[in-house]
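Comments concern the structure below.
The values are calculated or read from the model by the stated rules, or taken from the named source; none is laboratory data. All values reported here derive from a predicted model rather than from experimental measurement. When we count neighbours, we look across all protein chains shown, and the Cβ atoms used for this are built from the backbone with ideal geometry, even at glycine. The accessibility values were calculated without ligands, DNA or RNA, using every heavy atom of the protein model including side chains. Shrake-Rupley method; radii C 1.70, N 1.55, O 1.52, S 1.80 Å.
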Amino acid sequence: MYIIIISYIIIFGIILGSFYNVVGLRVPANQSIITPPSHCPSCGRRLTILDLVPVFSYIFLGGKCRTCHSKISPIYPIIEAATGFLFLISFLRATSIEEMLCGWLLVSLLMIVLVSDLEYMLIPDKILMFFLPLFAAFRILYHTDPWWDALAGMAAGFALLALIALISRGGMGGGDVKLFAVMGLLVGMKLVILGFFLSTFFGAVIGIGGMLLGFIKRRQPVPFVPFIVLGMLTSFFFGDQLIAFYLNLIF
Ligand SMILES: [Zn+2]
């Protein structure tokens, strides 16, 4: 029974992940997410059911279009697989149905903005404005203690990032500021602050490592959302343990 539940959750996540690819790619370009049907960006051929099985089509077709053999971006199958995997982690780490849904909401927002950031280096306002009322409604239905924590989270996410954006003068974009504010509403003050510090920590470590190893040039613009995904999800799934571990170290 358990293995069936787990398989269904992974498949559900993978199918949604495939939809998140479409949303993250089309919304910033002001295209409809329903029409036209998916097509190859190089030759325009309409994709059939054989091309559209998440993850498996990519592997089966060797990452190439069946007609024109142009390369398909590995971002798509990675987003699909990651969404399935992270939906499963949300289920395994949650102690209640609300906590699991909270994880699924957070993962959904992050996967969509990750696609947009990798493709266009931007976080679309339309996506944030869609998730904002959704998160607010979720927090009103399943509120945490104390009741003001969601609002404090939103304020903390906004304030921390706005400060960094001011100090770094454009190193951190307005999209990042708004993204953290929206996520703060969902996860509360403690986890959004920890998520912010972890994101910058991962960004710094990977950034410095990349420069020393020559992958990244100084001043080269690097999409920041991958680090936000790493930082926020670490905070959401392991934040309480990390904080307890840290407090044990100093007291
Ligand atoms: Zn093609």
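Just a few scattered comments:
- Checking each residue in the stretch 138-152 for being open to solvent by 80 Å² or more (accessible area, probe 1.4 Å) and in a helix (DSSP H, G or I) picks out Ile140, Leu141, Leu151.
- Boolean, Ser96 is surrounded by fewer than 17 Cβ atoms within 10 Å (Cβ to Cβ), among the small types (Gly, Ala, Ser) and within 25 Å of Ile9 (Cα to Cα): yes
- Sole residue being within 16 Å of the ligand (Cβ to nearest atom) and over 13 Å from Gly13 (Cβ atoms), chosen from Tyr142, Tyr76: Tyr76
- Qualifying residue in the stretch 35-45 (condition: open to solvent by 40 Å² or more (accessible area, probe 1.4 Å), modelled with pLDDT of 90 or more and outside any loop (DSSP other than H, G, I, E, B)): no
- Output for the stretch 192-218, where each listed residue is of a type outside the set (Gly, Ala, Ser) and over 23 Å from Ala162 (Cβ atoms): Val205, Ile206, Ile208, Met211, Leu212, Leu213, Phe215, Ile216, Lys217, Arg218
- Check on Asn30, among the polar types (S, T, N, Q), away from the ligand (no atom under 16 Å from the Cβ) and in a loop (DSSP other than H, G, I, E, B): yes
- Helices (runs of 4 or more DSSP H) enclosed by the stretch 153-251 - at least 3 residues per element that are of a type in the set (Val, Ile, Thr) and free of Cβ contacts under 8 Å to residues at least 60 places away in the same chain: 189-213, 225-250
- Some residue of the stretch 83-105 being outside the structural domain of Leu179 (by TED's automatic domain parsing), over 23 Å from Phe138 (Cβ atoms) and either touching a residue at least 24 places away in the same chain (Cβ under 8 Å) or away from the ligand (no atom under 15 Å from the Cβ) (or both): no
- For the stretch 201-215, the tally of residues that are under 16 Å from Asp117 (Cβ atoms) and open to solvent by less than 60 Å² (accessible area, probe 1.4 Å) stands at 3.
- Qualifying residue in the stretch 160-169 (condition: at pLDDT 90 or above and open to solvent by 40 Å² or more (accessible area, probe 1.4 Å)): no
- Screening the stretch 68-84 for residues that are open to solvent by 80 Å² or more (accessible area, probe 1.4 Å) and outside any helix (DSSP H, G or I) and picking the one that is farthest from Val23 (Cα to Cα) gives His69.
- Residue list for the stretch 35-73, filter: within 15 Å of the ligand (Cβ to nearest atom) and among the aromatic types (Phe, Trp, Tyr): Tyr58
- From the list Leu179, Leu191, Leu185, Leu233, the lone residue that is buried (at least 16 other Cβ atoms within 10 Å of the Cβ), hydrophobic (A, V, I, L, M, F, W, C), under 19 Å from Phe135 (Cα atoms) and touching a Lys or Arg at 6+ places or on another chain (Cβ under 7 Å) is Leu185.
- Selection status of Phe135, open to solvent by less than 10 Å² (accessible area, probe 1.4 Å), touching a helix residue (DSSP H, G or I) at 6+ places or on another chain (Cβ under 9 Å) and either among the small types (Gly, Ala, Ser) or outside the structural domain of Leu233 (by TED's automatic domain parsing) (or both): no
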